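S.K.: Below are the structure tokens for one structure; questions will follow.
The values are calculated or read from the model by the stated rules, or taken from the named source; none is laboratory data. Not measured: the values here are computed from a predicted model. All Cβ positions, even for glycine, are placed from backbone atoms using ideal geometry, and neighbour counts span all protein chains on display.
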């Protein structure tokens with residue numbers, strides 16, 4: 001509705017009573033009944049009919065809504081950095097449909113630490129009569145100052161930090177299948193990638209402290225064929241945000257080094273369970289994860305591929321990649337408070353450790369932290385998570401664009 | 001533009017055209033045809049065009065703007081001179097205005113026969129709403145909007161639609177004809193021209209897989225069939241939803257801003273009774289039909305299925321009916337107490353039936369009941385609107401409620417009785433909350449002998465003790481100047497007061513009576529109900545009733 005039209009309507013409204021009143025004494029327009037008065041008022045309105053014109057705000061919101069519905073929303077924010085610990089991440093993606101359901105997404109991100117990621121993904125979400133989902137990804141990433149604090153849990157200190165960098169081109173395919181369309185999922189994937197690991201411009205660099213003899217994989221550039229398979233049950237309402245349900249799964253990895261030096265196998269066990277309390281007023285959310293690696297023949301697991309803890313999705317009160325070793329165990333508990341439909345607050349505690357022997361994967365001498373988090377969410381996703389976590393190594397602020405688990 | 005000028009414009013228009021008010025300074029207060037019983041649709045609305053109300057904008061605007069707006073305190077503008085809502089293209093007086101038989105209630109809006117479900121031809125995907133369903137032609141070729149129950153709640157959503165559409169029909173709203181039926185997937189064929197909208201925005205051929213996807217989201221009977229609610233295609237041209245504020249600028253007959261229509265304000269009470277939490281504009285519908293050679297827009301409450309304890313995809317969320325989707329006060333409380341500042345919905349006790357969902361009457365408080373989002377009409381409800389609405393709710397007898405609930409065919413043991421019991425409990429809470437809140441004088445009558453009789457709605461339903469006394473202030477009234485001249489004041493302990501001597505006797509003379517009640521328990525009853533009688537033959541005709549003044553500084557209807 002234009003402003004001039006509005007003013008016309010406004011004055012018409014004001015004038016209408018005067019028109020009727022002034023005409024009353026003698027004019028033929030003087031209503032003789034309530035019915036006639038109403039008819040006159042309606043006839044008066046009939047002289048100035050116009051279509052409804054939405055306000056600017058309404059037009060703007062409707063345009064966005066229609067953009068979603070029409071599949072025309074192409075540009076989107078992208079906050080996935082090249083590697084955890086890169087700091088605040090900015091990025092964007094351009095997604096477009098190549099068929100009614102399938103998309104191609106071209107995206108990239110950059111962090112304050114100079115981490116870079118560029119990749120393209122083809123996603124087919126409705127294969128096999130809505131039972132399968134295929135993702136094909138090709139990309140390149142660079143992490144410029146990844147922390148390494150030594151091997152193990154107790155022998156290391158945050159003051160032992162050295163830094164390394166790597167670049168990695170990669171192509172991958174991942175197929176997930178829900179045979180019954182929900183709950184039970186099996187997946188398989190393959191990735192071909194080349195790691196180019198080097199020292200870092202951030203002091204101290206890893207080669208200042210370690211040598212290839214003291215740190216397995218230092219200065220190595222393995223080319224991996226990574227094959228993985230997984231199986232699990234997932235009855236959460238949505239992986240990105242849920243207040244009930246659980247997810248239990250096992251993933252088996254085989255990393256085959258083309259040069260035969262750094263191949264290994266890894267098994268990940270993951271369990272998530274959410275317990276709503278008092279009608280979702282609170283949710284007790286529990287997460288347990290164990291990662292174990294196995295040698296492939298006489299090959300070694302390079303230090304940068306070891307299971308690790310620390311950072312915004314594991315031990316949140318510690319630096320990213322703070323602990324590394326052959327195996328890891330992580331336990332997380334959260335007391336999530338429903339504040340409203342868009343915001344949850346959580347009090348959380350994390351505990352975990354890395355070990356060199358599987359028999360040490362127990363609950364002794366766990367590193368732990370605790371904290372408070374704010375999650376801005378929708379019914380299906382958590383686009384912003386801000387957390388304050390405290391450990392014996394200090395205070396860490398976490399910004400993330402996804403749920404912790 | 002903002003919405004404010006639009007509202008101002010509409011309000012100014014309304015000021016000139018309120019159904020009860022004098023149309024000008026020199027016009028009489030009461031015309032010979034007052035009180036009117038029908039608002040005429042005298043102009044041709046054929047040129048009205050379809051319009052959309054964006055779901056996101058409507059949600060956001062109502063949550064973050066409307067909810068923060070103070071009510072204007074303006075009296076409803078579409079009431080006649082005796083404070084009643086005349087019939088219109090929006091509303092038809094039914095319950096409380098005339099006797100409704102059990103058969104009438106069971107039929108509700110239904111005028112024809114139900115679908116022939118021996119064969120369905122799916123012609124379109126479901127156009128709106130979140131319930132699983134589709135649009136199909138039955139074996140006789142008639143078009144129906146078919147919706148199903150969520151798997152978690154068999155026979156719930158369909159029953160809710162059937163029951164609620166009859167309740168809202170009886171309350172006076174235009175309703176879609178809806179039948180309970182069954183769909184046998186083996187007897188469904190997909191029309192070759194049927195299409196579905198895809199995520200990329202394209203419309204492509206509707207496939208069997210699309211159909212199966214609908215069924216996966218629906219409750220399946222043991223025999224492989226599906227319970228369904230089939231809504232008949234409305235006659236006329238669909239114009240889209242109506243808004244709960246302003247008027248349609250392309251409808252010449254729409255001269256009262258919607259937020260000042262009493263029947264739309266009253267949805268706050270009717271919604272509370274039935275727990276109709278989804279009051280968004282998207283659940284309404286305007287259609288353009290031809291009546292007496294003119295285009296007339298009829299206004300429907302199209303989707304009243306999100307009632308009682310059930311929604312399109314399962315039971316209501318726990319907080320539905322208790323809180324808006326977003327509220328600042330509860331947000332702060334839960335944030336700063338880490339959730340230990342409990343809200344009533346967290347401790348309300350439910351007897352859960354799959355076919356009813358979360359619906360109860362003990363924790364229910366009609367004064368604090370809330371839909372998902374408020375509407376401007378909801379915010380504008382005054383105590384006299386609520387009184388009017390509560391009278392209509394109370395007009396549903398227990399037997400009438402049983403008759404309507406039976407149409408839902410709730411087969412789960414105990415469910416039907418439970419729903420009846422809760423509706424009765426919530427009905428009585430509404431009556432108890434709203435009838436004594438204002439001076440509850442009703443049905444005033446003055447006979448030729450000067451005997452003034454009236455009822456007291458709050459006392460009648462035993463929600464209040466009779467007042468210590470009633471007082472009537474009598475005046476003569478000049479219908480052209482609006483001047484009144486006091487005659488006398490008379491008092492009685494009963495709802496019957498003899499007029500003083502000196503009432504005018506000339507044909508067409510008017511008398512004004514201010515009736516108040518002295519009640520220590522209800523000080524608000526001291527606010528007189530102002531009534532006007534016109535001399536007609538040997539008796540008097542009620543031509544005016546004003547329960548509360550035109551403008552209130554603040555609405556008195558809610559906590």
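S.K.: Quick check on the range A:272-284. Is at least one of its residues at pLDDT 95 or above and touching a helix residue (DSSP H, G or I) at 6+ places or on another chain (Cβ under 6 Å)?
M.R.: So far as the range A:272-284 goes, no, none of its residues is at pLDDT 95 or above and touching a helix residue (DSSP H, G or I) at 6+ places or on another chain (Cβ under 6 Å).
S.K.: Looking at this structure, is residue B:200 within 14 Å of chain A (Cβ to nearest Cβ) and out of contact with any helix residue (DSSP H, G or I) (no Cβ under 8 Å at 6 or more places or on another chain)?
M.R.: Taking the combined requirement at face value, the residue satisfies it.
S.K.: Additional query: Take residue A:73 and tell me if it is in contact with a helix residue (DSSP H, G or I) (Cβ under 6 Å, 6 or more places away or on another chain), within 14 Å of another protein chain (Cβ to nearest Cβ) and without any contact (Cβ under 8 Å) to a residue 40 or more places away in the chain.
M.R.: Details: in contact with a helix residue (DSSP H, G or I) (Cβ under 6 Å, 6 or more places away or on another chain): yes; within 14 Å of another protein chain (Cβ to nearest Cβ): yes; without any contact (Cβ under 8 Å) to a residue 40 or more places away in the chain: yes.
So residue A:73 fits the description; yes.
S.K.: May I ask you to verify whether residue B:141 is on the phi > 0 side of the Ramachandran plot, within 14 Å of another protein chain (Cβ to nearest Cβ) and not in a helix (DSSP H, G or I)? Let's see the steps before the verdict.
M.R.: On the way: on the phi > 0 side of the Ramachandran plot: yes; within 14 Å of another protein chain (Cβ to nearest Cβ): no; not in a helix (DSSP H, G or I): yes.
When the stated conditions are applied, residue B:141 does not pass them.
S.K.: Can you spot a residue in the range B:47-70 that is in contact with a strand residue (DSSP E or B) (Cβ under 7 Å, 6 or more places away or on another chain), outside any loop (DSSP other than H, G, I, E, B) and more than 11 Å from every other protein chain (Cβ to nearest Cβ)?
M.R.: Among the residues of the range B:47-70, not one is in contact with a strand residue (DSSP E or B) (Cβ under 7 Å, 6 or more places away or on another chain), outside any loop (DSSP other than H, G, I, E, B) and more than 11 Å from every other protein chain (Cβ to nearest Cβ), which makes the answer no.
S.K.: While we're on this one: Considering each of B:166, B:220, B:187 in turn, give the residue that is away from chain A (no Cβ under 14 Å), within 27 Å of residue B:110 (Cα to Cα) and touching a helix residue (DSSP H, G or I) at 6+ places or on another chain (Cβ under 6 Å). Lay out the reasoning, then the answer.
M.R.: Values: B:220 fails: touching a helix residue (DSSP H, G or I) at 6+ places or on another chain (Cβ under 6 Å); B:187 fails: touching a helix residue (DSSP H, G or I) at 6+ places or on another chain (Cβ under 6 Å).
Just one listed residue meets the conditions, B:166.
S.K.: A further question follows. Residue A:177 is checked against (1) surrounded by fewer than 18 Cβ atoms within 10 Å (Cβ to Cβ); (2) touching a residue at least 60 places away in the same chain (Cβ under 8 Å); (3) in contact with a strand residue (DSSP E or B) (Cβ under 8 Å, 6 or more places away or on another chain) and fails just one. What number does that condition carry?
M.R.: Here residue A:177 clears every test but (2).
S.K.: Ok, one more. Does the range B:347-359 hold any residues that are buried (at least 20 other Cβ atoms within 10 Å of the Cβ) and within 14 Å of another protein chain (Cβ to nearest Cβ), and which are they?
M.R.: Once the filter is applied, which keeps residues that are buried (at least 20 other Cβ atoms within 10 Å of the Cβ) and within 14 Å of another protein chain (Cβ to nearest Cβ), the range B:347-359 yields B:357, B:358.
S.K.: Return the total of residues in the range A:244-262 being surrounded by fewer than 18 Cβ atoms within 10 Å (Cβ to Cβ) and outside any strand (DSSP E or B).
M.R.: Counting residues in the range A:244-262 that are surrounded by fewer than 18 Cβ atoms within 10 Å (Cβ to Cβ) and outside any strand (DSSP E or B) gives 5.
S.K.: If I filter the range B:432-456 down to residues being free of Cβ contacts under 8 Å to residues at least 40 places away in the same chain and not in a loop (DSSP other than H, G, I, E, B), which single residue comes out as farthest from residue B:83 (Cα to Cα)?
M.R.: Ranking the candidates gives B:432 first.
S.K.: Please work out which residue is farthest from residue B:62 (Cα to Cα), limiting yourself to the range A:46-55 and to residues that are out of contact with any helix residue (DSSP H, G or I) (no Cβ under 7 Å at 6 or more places or on another chain) and facing chain B (nearest Cβ under 7 Å).
M.R.: A:46
S.K.: Still on this structure, please answer the following. Residue A:61 - would you say it is at the interface with another protein chain (Cβ under 8 Å from one of its Cβ atoms) and either assigned to a strand (DSSP E or B) or crowded, with 17+ Cβ neighbours inside 10 Å (or both)?
M.R.: Numbers: at the interface with another protein chain (Cβ under 8 Å from one of its Cβ atoms): yes; either assigned to a strand (DSSP E or B) or crowded, with 17+ Cβ neighbours inside 10 Å (or both): yes.
Spelling it out, residue A:61 is indeed at the interface with another protein chain (Cβ under 8 Å from one of its Cβ atoms) and either assigned to a strand (DSSP E or B) or crowded, with 17+ Cβ neighbours inside 10 Å (or both).
S.K.: Moving on. Show me the strands (runs of 3 or more DSSP E) entirely contained within the range A:277-364 in which 3 or more residues are within 14 Å of chain B (Cβ to nearest Cβ) and either without any contact (Cβ under 8 Å) to a residue 40 or more places away in the chain or under 30 Å from residue A:198 (Cα atoms) (or both).
M.R.: It comes to A:343-355.
S.K.: Those residues that are more than 34 Å from the chain's Cα centre (by Cα), surrounded by 16 or more Cβ atoms within 10 Å (Cβ to Cβ) and outside any loop (DSSP other than H, G, I, E, B), I need them from the range B:197-221; list them, please.
M.R.: Those that are more than 34 Å from the chain's Cα centre (by Cα), surrounded by 16 or more Cβ atoms within 10 Å (Cβ to Cβ) and outside any loop (DSSP other than H, G, I, E, B): B:210, B:211, B:213.
S.K.: A follow-up question, please. Evaluate the following for residue B:459: is it in contact with a strand residue (DSSP E or B) (Cβ under 8 Å, 6 or more places away or on another chain) and surrounded by fewer than 23 Cβ atoms within 10 Å (Cβ to Cβ)? Lay out the reasoning, then the answer.
M.R.: Working: in contact with a strand residue (DSSP E or B) (Cβ under 8 Å, 6 or more places away or on another chain): no; surrounded by fewer than 23 Cβ atoms within 10 Å (Cβ to Cβ): yes.
No, not satisfied.
S.K.: Okay, moving on. Does any residue in the range B:156-184 that is on the phi > 0 side of the Ramachandran plot come within less than 7 Å, Cβ to Cβ, of a residue that is buried (at least 24 other Cβ atoms within 10 Å of the Cβ) six or more places away or on a different chain, and which pairs are these?
M.R.: Within 7 Å, the pairs are B:172/B:263.
S.K.: Exactly one of these conditions fails for residue A:94: (1) at pLDDT below 95; (2) under 29 Å from residue B:60 (Cα atoms); (3) more than 12 Å from chain B (Cβ to nearest Cβ); (4) surrounded by fewer than 15 Cβ atoms within 10 Å (Cβ to Cβ). Give me its number.
M.R.: Looking at each condition in turn, residue A:94 falls short on (1).
S.K.: I would also like to ask the following. If residue B:279 passes every condition in (1) within 14 Å of chain A (Cβ to nearest Cβ); (2) outside any strand (DSSP E or B) but one, which one does it miss?
M.R.: With respect to (1) within 14 Å of chain A (Cβ to nearest Cβ); (2) outside any strand (DSSP E or B), residue B:279 is out only on (1).
S.K.: Tell me the residue from A:210, A:183, A:192, A:170 that is out of contact with any helix residue (DSSP H, G or I) (no Cβ under 7 Å at 6 or more places or on another chain) and within 14 Å of another protein chain (Cβ to nearest Cβ), please.
M.R.: Details: A:210 fails: within 14 Å of another protein chain (Cβ to nearest Cβ); A:192 fails: within 14 Å of another protein chain (Cβ to nearest Cβ); A:170 fails: within 14 Å of another protein chain (Cβ to nearest Cβ).
After ruling out the rest, the residue left standing is A:183.
S.K.: Additional query: Whether any residue in the range A:124-140 is closer than 22 Å to residue A:310 by Cα, at pLDDT 95 or above and in contact with a strand residue (DSSP E or B) (Cβ under 7 Å, 6 or more places away or on another chain) is what I want to check. Steps first, answer last, please.
M.R.: So the first thing to find is which residues in the range A:124-140 are closer than 22 Å to residue A:310 by Cα, and the list is none.
No; the residues of the range A:124-140 include none that is closer than 22 Å to residue A:310 by Cα, at pLDDT 95 or above and in contact with a strand residue (DSSP E or B) (Cβ under 7 Å, 6 or more places away or on another chain).
S.K.: Hey, could you check the range B:28-39 for residues that are in contact (Cβ under 8 Å) with a residue 12 or more places away in the chain and at the interface with another protein chain (Cβ under 7 Å from one of its Cβ atoms) and say which is farthest from residue B:287 (Cα to Cα)?
M.R.: Of all residues in the range B:28-39, those in contact (Cβ under 8 Å) with a residue 12 or more places away in the chain come to B:28-30, B:34-39.
Imposing the further condition that a residue be at the interface with another protein chain (Cβ under 7 Å from one of its Cβ atoms) reduces the set to B:34, B:36, B:39.
Details: B:34: 29, B:36: 25, B:39: 18 Å.
Applying the filter and picking the extreme gives B:34.
S.K.: Under the condition of being touching a helix residue (DSSP H, G or I) at 6+ places or on another chain (Cβ under 6 Å) and buried (at least 21 other Cβ atoms within 10 Å of the Cβ), which residue from the range B:101-130 is farthest from the other protein chains (Cβ to nearest Cβ)?
M.R.: Going through the qualifying residues, I end up with B:105.
S.K.: Next question, about the same structure. In the range B:310-330, which residue that is free of Cβ contacts under 8 Å to residues at least 60 places away in the same chain and closer than 20 Å to residue B:165 by Cβ is farthest from the other protein chains (Cβ to nearest Cβ)?
M.R.: Of everything passing the filter in the range B:310-330, B:321 is farthest from the other protein chains (Cβ to nearest Cβ).
S.K.: On to the next question. Could you identify the single residue in B:272, B:228, B:194 that is more than 11 Å from every other protein chain (Cβ to nearest Cβ), crowded, with 23+ Cβ neighbours inside 10 Å and in a strand (DSSP E or B)?
M.R.: Answer to the check: B:228.
S.K.: Sticking with this one: Return yes or no: is residue A:199 more than 14 Å from every other protein chain (Cβ to nearest Cβ) and touching a strand residue (DSSP E or B) at 6+ places or on another chain (Cβ under 8 Å)?
M.R.: yes
S.K.: Do you know which residues across the range B:14-38 are at pLDDT 95 or above and within 27 Å of the chain's Cα centre (by Cα)?
M.R.: B:33, B:34, B:35, B:36, B:37, B:38
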